[in-house]
1. Can you report the number of residues in segment 196-248 which are farther than 28 Å from residue 267 by Cβ, part of a helix (DSSP H, G or I) and touching a helix residue (DSSP H, G or I) at 6+ places or on another chain (Cβ under 7 Å)?
2. So which of 52, 28 is crowded, with 19+ Cβ neighbours inside 10 Å and outside the structural domain of residue 195 (by TED's automatic domain parsing)?
3. Name the one entry in 53, 46 that is part of a helix (DSSP H, G or I), modelled with pLDDT of 95 or more and touching a helix residue (DSSP H, G or I) at 6+ places or on another chain (Cβ under 9 Å).
4. In segment 358-382, what count of residues is obtained for those that are closer than 18 Å to residue 98 by Cα and in contact with a helix residue (DSSP H, G or I) (Cβ under 6 Å, 6 or more places away or on another chain)?
5. In segment 238-252, what count of residues is obtained for those that are over 17 Å from residue 163 (Cβ atoms) and touching a strand residue (DSSP E or B) at 6+ places or on another chain (Cβ under 7 Å)?
6. What about residue 147, is it free of Cβ contacts under 8 Å to residues at least 40 places away in the same chain, in contact with a helix residue (DSSP H, G or I) (Cβ under 8 Å, 6 or more places away or on another chain) and either more than 28 Å from residue 261 (Cβ to Cβ) or not in a helix (DSSP H, G or I) (or both)?
7. Please verify whether residue 169 is modelled with pLDDT of 95 or more and within 23 Å of the chain's Cα centre (by Cα), treating the condition exactly as stated.
């Protein structure tokens, strides 16, 4: 049964910033949708939301989904209506799009550097609850100046490098030094530890993922233990992703989880293995790129109108959802080549769904998400934060 929140509204249309109208209208069949188009199977999407909710029942975990996966305030509002405490973003402009779209609690789970961005972030904190991560004393000082100038208060989390070797201070004393600096900085409120092990999300075997998160948890506990010995209150620890969130949830070291891709899934997540050695199928593929057969030059080859500008191949080629045995073999700007098994009946104009290799950057290529159910378009949502990487 459709939820009221899934209905497209006039305000949702006003959120869009792209110059082009959507490739579909509500009530169309999928065969009528212009391509390439970004499709969302609403039944699978809602099932994924429910599976996440049920998996966290009784754990005490707060859910703060990552909006970089969908970049869509309409989806963020649905997630919050179903219990999420807010969302994560990676960039100030993403956070601005979320707040403009009615999301009241946003954590920029990243470092923000530069006077212009810091001023925008502080101004945004006058309209919503805004958090941000730090790993450098100079950045703390700059955040404090921006917050004071705006007359705002920013939540600030210290990012600890728990194994991804990206941003973050070393666990332990280095984190404590930043916490003390935040606590004495006007306009800033210490809000916890950011402890995301991003490189663990696509480790293929459950043993590899368990080992990576066990090491991350040990680093979190080291920092929290030092804080408690120093008389500091136990912090909120936030992190985790779709590939490992169950491990963080049972660790008792985390209080908040940040998975994003679970609502969509993609071909690369489909390569993660479970305890039985088979691909993990906890969540369903709900996101597809709809494409059209534009050429059939040989019996063994077809060409689609969805190429590099329609989906990201950084994690591999998309998987063909509708044609058994068909393989998407190569992409150029506007073309995707399919290798077909003998006897495949595939005429010009046929619509083909593709499972993206990587959902996040694929979404960023589209202005609209076309939600469908039972073969008909039911919702059209703007990807309001498309291109918001500044």
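The values are calculated or read from the model by the stated rules, or taken from the named source; none is laboratory data. The structure displayed is predicted, hence computed values, not measured ones. Backbone-built Cβ (ideal geometry, glycine too); neighbour counts: all protein chains shown.
1. Here the count works out to 4.
2. Details: 28 fails: crowded, with 19+ Cβ neighbours inside 10 Å.
Checking each option against the conditions leaves just 52.
3. Numbers: 53 fails: touching a helix residue (DSSP H, G or I) at 6+ places or on another chain (Cβ under 9 Å).
Only one candidate qualifies: 46.
4. 2
5. 1
6. Values: free of Cβ contacts under 8 Å to residues at least 40 places away in the same chain: no; in contact with a helix residue (DSSP H, G or I) (Cβ under 8 Å, 6 or more places away or on another chain): yes; either more than 28 Å from residue 261 (Cβ to Cβ) or not in a helix (DSSP H, G or I) (or both): yes.
No; evaluated as a whole, the condition is false for this residue.
7. Working: modelled with pLDDT of 95 or more: yes; within 23 Å of the chain's Cα centre (by Cα): no.
Taking the combined requirement at face value, the residue does not satisfy it.
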